[in-house]
Amino acid sequence: MPTISDTDPIVVQEQAHLDHSRAALKAMREETLTLRAQGGNAVSTENLLAALRARAKALMDDPTVPLFFGRLDYGDLPEAAEFRTEHYYIGRRHVHDASGEPMVIDWRAPVSTAFYRATPKSPMGLRRRRRFGFAHGAITGYEDEFLTGPGANHAGTAAAQPSASRILTDEIERPRSGPMRDIVSTIQPEQDEIVRADMNVSVCVQGAPGTGKTAVGLHRVAFLLYAHRDRLRRGGSLVIGPNKEFLKYIEQVLPALGEVEVGQTTVDDLVARVKVTAQDPPAAGVVKGDARMAQVLHNAIWSRLRTAHEALPDGIMIVRGSRRWRVPAHEIDELIAATRERDVRYGAGRAMLAPRIAHAVLYRMEAAGEATDDRTQNAVARTTEVRKAVDLLWPAIDPVKVVFELYSDPEVLARAADGILSEEEQAGIQWSATRPKVPRTPGTAKWSSADAVVIDEAHDQLDRMPSLAHVVLDEAQDLSAMQYRAVGRRCSTGSVTVLGDIAQGTTPWATPSWAETLKHLGKPEAVIEELTLGFRVPRQIIDFAAKLLPDAAPGLLPPTSVRQQGGSLEIDAVANESELVDSVVVAAHLALEIHEGSVGLIAADARIAEVAAALATAGIEHTVLGAEPTAPALEGASETESELVEALLAETPGPRLVVVPATLAKGLEYDQVLVLEPAEIAAAEPRGLRRLYVVLTRAVSRLHVLHCEPLPAQLTAG
């Protein structure tokens, strides 16, 4: 058990080290702020200044968060011989003193691996692992685990589980409000293996609710930035989430770990080449999201090619000075065929055709004894005759127009989709079937999110997109095959971390298997890992929600939680509909009064306005997820690091109570969750039981269900 007395000599000693570490971090920050950047020119100087500003921001110290959370003490074992000191403090970032000696070791450093993975059976050179308890940034206690010597538990590894560590359990259960926080002090061995996976390995993580898959993905990109910073800085990294509300929830995790260079976006924003103002019928959305659409586009694009035999039967005549040089049609067709055989993008092939025709002319010129060089070939390629021939044979294409023609001209679609889409599927994606008003031009078309993905695919088939070094794709189970392809081409030469839970797939096109997902991402060789042990959601809640799985996601094993928490589940039936909303208002008031931390009130989307109005009438402060205004970004708000700190600390936390539409609940967590009318949530969409499973697993400490209609039969069974 942890010591909790602030007069304990060990606590006093460790607090002194914490104070000295904070002073050292402050000195590191001040040294960075005093540096002057002077590059060889204005651009390089500005780049250096930007790097210094980013470094200063990464060294910001939040006094409410401990700089370190663990200590490793090494014994005399051979495995410890490589380490210079007898002990190391493990924390969120590296801190060194004035002489350069480490005071805190970054949790991502190789030496820190033992903090997460060492066991009495495999001590990794450790004699003792110490965990620290904190309150308001100060040490309140410690917990020692001996891995070698008389106190070691050689019989097993139970001490690594939260149930065997009060400090670990307290940290997991610590009330939360606002955005998601990091889990560096509670990472479990199976999570750590995923976090530290090799840069070149793509990983797919199937994780039940509460297993920490989102945190694992974010910590993995933080680890890669530490271990391969130059490569990721050159190639770039990106976190892709299901919606903007989810991104707001996770946006502070990486900055808290000192990483401020990772982009975050949604799939919709990733492919935002047209303005999305329409919504497809489900059947049309399924077809547009099918991977077969990529082949339809391929056929439509490459059908624009014409043969010289048909379009230029006399070939091309090039005039150079007093001489004329003719390239016959059959030779031009051979050049086109040879270019296509290289399996290049349409745009790249078009760019290659003019130089190839010019080379054929140069061959004739050299055979006639004329002197030529690269300038001659370039001049021939730019002649009017060659450029006109290329435009005629390999015309430039607008990807938006290609997609527009497929939707507006049944004959064009029939030719491109022959043998790929059925006649019924073709008819279902025509403008006449998906829009009340048929657009006449691409500029007047109302595009859907599925259309935007198809247009993005068309862009890539014309010109290859550049690849990032690493992409994290969260809540991946809900994406279509075409959306996977959109993500995959952004990391075609890099790696990807895929995070999701098949049981939480709620869209009509939700993936049936991770193997299929990885195929569409272009990463069939990716390693599939499964996290089944939950640490965040109490067992009572998980067991209740898991009753839905046999019908919602047959074939998946129910999740397991290591946390037992009495009073974590409460189910109340309300006598009649007129009292239902009043009851949830009373429950929300009591939740705020009696318990700490955040409260999420989740209801069917159609009932959100009614619930919010009732809370406002009762004078209960709250926000509605998806409706609050976007706060101004902190980035660039001030020039000095001290001003950034003041701005950060001056931020006023929002209300503890958040009203959450059921469709936005995925990926979020609250200390307490109030669920209003489960049957209504389940009935709102075709995969409603899966949506309800998501909703019921958002609570970290307490779930309170209120209902007037009978609960879904699955929840009352057993």
**OP:** Select from segment 577-606 the residues that are of a type outside the set (A, V, I, L, M) and over 23 Å from residue 248 (Cβ atoms) and write down the one among them that is least open to solvent (accessible area, probe 1.4 Å).
**Re:** 583
Original post:
In segment 303-319, what residues are touching a Pro at 6+ places or on another chain (Cβ under 7 Å) and not charged (D, E, K, R)?
Top reply: 315
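Of everything in segment 264-288 that's open to solvent by less than 40 Å² (accessible area, probe 1.4 Å) and not in a helix (DSSP H, G or I), which residue is nearest to residue 664 (Cα to Cα)?
This residue is 266.
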**OP:** Taking residue 585 as the residue in question, decide whether it is part of a helix (DSSP H, G or I), among the β-branched types (Val, Ile, Thr) and modelled with pLDDT under 95.
**Re:** no
Original post:
If residue 265 satisfies every condition in (1) touching a residue at least 40 places away in the same chain (Cβ under 8 Å); (2) under 30 Å from residue 435 (Cβ atoms) but one, which is the exception?
Top reply: (1)
Original post:
If residue 537 passes every condition in (1) surrounded by 20 or more Cβ atoms within 10 Å (Cβ to Cβ); (2) within 17 Å of the chain's Cα centre (by Cα) but one, which one does it miss?
Top reply: (2)
Original post:
Only one residue in 360, 389 is surrounded by 15 or more Cβ atoms within 10 Å (Cβ to Cβ), in contact with an Asp or Glu (Cβ under 9 Å, 6 or more places away or on another chain), of a type in the set (A, V, I, L, M) and part of a helix (DSSP H, G or I), so which one is that?
Top reply: 360
Subject >> Complete set of residues in segment 405-448 that are crowded, with 18+ Cβ neighbours inside 10 Å and hydroxyl-bearing (Ser, Thr, Tyr) >> reply: 407, 408, 434, 448
Original post:
Taking segment 294-316 as the search range and keeping residues that are open to solvent by 80 Å² or more (accessible area, probe 1.4 Å) and not in a loop (DSSP other than H, G, I, E, B), which one is farthest from residue 416 (Cα to Cα)?
Top reply: 309
**OP:** Please identify the pairs in which a residue from segment 323-341 that is surrounded by 12 or more Cβ atoms within 10 Å (Cβ to Cβ) has its Cβ atom under 6 Å from the Cβ atom of a residue that is charged (D, E, K, R), counting only partners at least 6 apart or on another chain.
**Re:** 325/364; 335/356
Original post:
Could you list, in sequence order, the residues of segment 540-574 that are open to solvent by less than 30 Å² (accessible area, probe 1.4 Å) and in contact with a strand residue (DSSP E or B) (Cβ under 9 Å, 6 or more places away or on another chain)?
Top reply: 541, 542, 544, 545, 559, 561, 563, 568, 574
Original post:
Can you tell me which of 239, 262 is in contact with a strand residue (DSSP E or B) (Cβ under 6 Å, 6 or more places away or on another chain) and either more than 14 Å from residue 474 (Cα to Cα) or of a type in the set (Phe, Trp, Tyr) (or both)?
Top reply: 262
**OP:** All but one of (1) within 23 Å of residue 590 (Cβ to Cβ); (2) small (Gly, Ala, Ser); (3) modelled with pLDDT of 95 or more; (4) surrounded by fewer than 19 Cβ atoms within 10 Å (Cβ to Cβ) hold for residue 654, so report the exception by its number.
**Re:** (3)
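Only one of these is at pLDDT 90 or above and not in a helix (DSSP H, G or I): 218, 225, 232, 238. Name it.
When all the criteria are applied, what remains is 238.
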Subject >> Matching residues in segment 188-215 - criterion: being open to solvent by less than 10 Å² (accessible area, probe 1.4 Å), closer than 15 Å to residue 253 by Cβ and either touching a Pro at 6+ places or on another chain (Cβ under 6 Å) or modelled with pLDDT under 95 (or both) >> reply: 191, 215
Subject >> Among the residues listed as 352, 365, the single one being assigned to a helix (DSSP H, G or I) and open to solvent by less than 40 Å² (accessible area, probe 1.4 Å) >> reply: 365
Subject >> Enumeration of residues in segment 244-263 that are open to solvent by 30 Å² or more (accessible area, probe 1.4 Å) and either modelled with pLDDT of 95 or more or part of a loop (DSSP other than H, G, I, E, B) (or both) >> reply: 251, 252, 260, 261
**OP:** Go through (1) modelled with pLDDT of 80 or more; (2) open to solvent by less than 10 Å² (accessible area, probe 1.4 Å); (3) more than 22 Å from residue 75 (Cβ to Cβ) one by one and return the number of the condition residue 104 breaks.
**Re:** (3)
Subject >> Test for residue 636: is it open to solvent by 30 Å² or more (accessible area, probe 1.4 Å) and either within 29 Å of the chain's Cα centre (by Cα) or at pLDDT below 95 (or both) >> reply: yes
Subject >> Where residue 291 falls short, out of the listed (1) in contact (Cβ under 8 Å) with a residue 24 or more places away in the chain; (2) under 30 Å from residue 530 (Cα atoms); (3) buried (at least 16 other Cβ atoms within 10 Å of the Cβ) >> reply: (3)
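The values are calculated or read from the model by the stated rules, or taken from the named source; none is laboratory data. Just so it is clear, the structure is predicted and the values come from calculations on it, not from any experiment. With ideal geometry, Cβ positions are generated from the backbone for all residues, glycine too; neighbour counts draw on all protein chains shown. The area values use the complete protein model at the heavy-atom level, side chains included, leaving out ligands, DNA and RNA. Shrake-Rupley method; radii C 1.70, N 1.55, O 1.52, S 1.80 Å.
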